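So the structure is just underneath, and the comments pick up after that.
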Amino acid sequence: MKIYTKTGDDGTTALYGGMRLSKADIRIEAYGTVDELNSHLGIVLSFIEEKEYSELLISIQSRLFDIGTHLAAEPGKKNLILPEINESNILTLETYIDKMNEDLEELKYFILPSGNLAIGHCHVARTVCRRAERCIVRLSENDIIEPILSKYLNRLSDFLFVLARKFAKDAALPEIIWKAH
């Protein structure tokens, strides 16, 4: 199988279902941004030594592929098989957020994204996650998009923020507080 098809040379791409759209379409940007986020999580994963958290991140990456499948599906097309994304996926993120927060100092100030590569990559992933969420919200203004997709990304960005804080604590690095001028 060849990796290139040449069908996108005209600036269009096919959705799951066959419909072709401009590569500049917000739908394509939305699932492309989710894919970008997934790549950043691959980097974050390289810093994780705890098996429980590496398995969790791999599971999150799979959920992102699921979300991408939903976003890449042709609107209104019948009989497409789409992976299920449900509240239990969000509950898993919330459970880990709460678990990590138990060992962290209460956050009273904004902190600057800094510390080491692991922390930095968590913050980059978090901001890409927020951008993906914004793309989905924009897309939902004109298309019917399941609200659970943006809800999952909203919780995932919270998870990534707390994971960055966990990395800082595990490395005994101080969090730098933002000071307004």
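The values are calculated or read from the model by the stated rules, or taken from the named source; none is laboratory data. On a predicted model such as this, the values are computed, not experimentally measured, just so you know. Positions of Cβ are backbone-derived with ideal geometry, glycine not excepted, and every protein chain shown enters the neighbour counts.
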Top-ranked residue of the stretch 78-104 - restricted to ones that are over 20 Å from Leu149 (Cα atoms) and in contact (Cβ under 8 Å) with a residue 12 or more places away in the chain, ranked as surrounded by the fewest Cβ atoms within 10 Å (Cβ to Cβ) = Asp103
Just checking, how many residues over the stretch 48-77 are more than 12 Å from the chain's Cα centre (by Cα) and buried (at least 17 other Cβ atoms within 10 Å of the Cβ)?
-> 8
Filtering the stretch 135-159 for residues that are free of Cβ contacts under 8 Å to residues at least 60 places away in the same chain and under 20 Å from Asn86 (Cα atoms) leaves a count of 6
Members of the stretch 49-77 found to be outside any helix (DSSP H, G or I) and in contact (Cβ under 8 Å) with a residue 12 or more places away in the chain, listed by number = Ala73, Glu74, Pro75, Lys77
Any idea how many residues of the stretch 138-148 are buried (at least 16 other Cβ atoms within 10 Å of the Cβ) and either among the polar types (S, T, N, Q) or in a helix (DSSP H, G or I) (or both)?
-> 3
Within the stretch 159-178, can you find the residues that are in a helix (DSSP H, G or I) and among the aliphatic types (A, V, I, L, M)?
-> Leu160, Val162, Leu163, Ala164, Ala168
Do we have Lys99 as part of a helix (DSSP H, G or I), modelled with pLDDT of 95 or more, farther than 21 Å from Gly42 by Cα and of a type in the set (Lys, Arg) here?
-> yes
Could you tell me which residue of the stretch 1-47 is farthest from the chain's Cα centre (by Cα), considering only residues that are of a type in the set (Lys, Arg) and surrounded by 12 or more Cβ atoms within 10 Å (Cβ to Cβ)?
-> Arg20
Which condition does Lys108 not pass, out of (1) basic (Lys, Arg); (2) under 17 Å from the mean Cα position of the chain (by Cα); (3) exposed (fewer than 10 other Cβ atoms within 10 Å of the Cβ), if it passes all the others?
-> (2)
Would you check if there is a residue in the stretch 115-137 being surrounded by fewer than 18 Cβ atoms within 10 Å (Cβ to Cβ), under 20 Å from Leu21 (Cβ atoms) and in contact with a strand residue (DSSP E or B) (Cβ under 6 Å, 6 or more places away or on another chain)?
-> no
